[in-house]
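We did not get these values from a lab; they are worked out from the coordinates using the rules stated. Bear in mind that the values here come from a model prediction, so they are computed numbers and not experimental data. Here the Cβ positions follow ideal geometry from the backbone for every residue, glycine too, while neighbour counts run over all protein chains shown.
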Amino acid sequence: MNKPDYKKIANDARIRVLEMIYKAQTSHIGSNYSCIDLLAVIFEKADLNKDKVVLSKGWAAASLYYFLKEKGRITETDLESYCQPDSKFIGLAEPIIPDIPAAGGSMGFGLPFGVGFALAKKTKKEEGKIFVVMSDGEMQIGTTWESAMIAAHHKLDNLLVFVDCNGLQAMGNVGEILKVEPLAEKWKAFGWNVCEIDGHNFDEIEKIAGSPVFGKPTAVIARTIKGKGVSFMEGQNLYHYKAPSEEEYQAALNELKING
């Protein structure tokens with residue numbers, strides 16, 4: 001079996017997400033772009049008939065919808081309706097279809113759901129993994145660490161958490177708002193298997209997404225860049241809330257097409 005062309009998969013996703021966000025004049029393009037490489041691999045590795053993908057950083061919903069469309073779980077018409085009047089496909093992940101099993105967007109929502117899903121699978125002796133994608137801002141939330149304790153206690157080795165560490169959150173630098181580092185040591189202290197990767201290195205992401213870990217849950221500290229893929233957006237927290245102007249849209253689109 002040929003290895004997926006993750007670079008093309010992710011670049012195509014960035015182009016489509018840019019179009020969706022520009023058309024709707026919504027926000028969070030920087031947050032979408034920091035986790036698209038993670039989602040590109042996760043959705044190639046996940047078997048949606050037995051695995052679940054929980055987007056805790058639900059404000060990256062445009063990317064979630066895109067990958068679900070690519071996997072045939074929603075339609076192009078659904079994707080076209082993103083943030084349009086009366087559409088159920090809004091700018092935050094909501095459990096509107098079975099393949100979006102949990103709400104995301106309020107920080108700290110996703111991991112409690114993920115732990116519950118993983119524990120249910122263990123109890124029922126069902127196959128499958130639970131993938132949870134979180135933000136580093138969510139490391140400031142109490143439910144994160146309550147859930148981490150529960151997962152370790154129940155030895156939920158079917159639970160794989162990717163922490164999208166782009167260093168920025170809505171109001172500024174993560175460390176300046178509330179220090180969360182050293183993250184790896186924190187997760188280890190809660191009894192988790194922990195690894196740290198470059199969140200834009202497809203080989204590193206694929207290696208951990210596809211490898212079984214027995215006996216305990218796994219936290220992946222993925223170092224990423226907010227706005228990754230468009231040079232003038234990279235590391236700029238302006239694009240947490242700002243929708244692209246026509247000029248920015250064209251510049252970003254041209255850059256992505258050249259790099260693709």
- request: Tell me what the chain gives for mean residue ellipticity at 222 nm when only DSSP H runs of n ≥ 4 count, each as -39,500 (n - 2.57), the sum divided by the residue total, rounded to 500 deg cm²/dmol.
  value: -13000 deg cm²/dmol
field: Zero-based 10 Å bins, Cα pair distances in the stretch 1-48, whole percents
entry: 25, 48, 23, 4
- request: Measure off 7 Å from each Cα along the Cα-to-Cβ vector at Ser87 and Asp198, then give the distance between these two points in nanometres to one decimal.
  value: 3.4
field: Average projected area [Cα convex hull, the stretch 130-260], square nanometres
entry: 8.8
query: Ranking Asp136, Asp12, Asp5 by Cβ neighbours within 10 Å, fewest first, what do you get?
result: Asp5, Asp12, Asp136
- line: Compactness summary of the stretch 58-154: radius of gyration and Dmax from Cα atoms, Å, are 14.8, 45
field: Cβ-derived FRET efficiency at R0 45 Å, Thr123 paired with Ser231, nearest 0.05
entry: 0.40
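Two decimals, Cα atoms only, Kirkwood Rh: what is Rg/Rh over the chain?
Working: Rg = 17.2 Å, Rh = 18.2 Å.
My calculation of the ratio gives 0.94.
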- line: Between Thr77 and Lys207, the two model label points (7 Å from Cα along the beta-carbon direction) sit apart by a distance in nm of 4.5
message: Test of understanding: ordering Arg16, Arg73 by Cβ neighbours within 10 Å, fewest first, what list do you get?
response: Arg73, Arg16
statement: Relative contact order as a percentage, the chain, C-alpha pairs under 8 Å and 6+ apart, gives 25
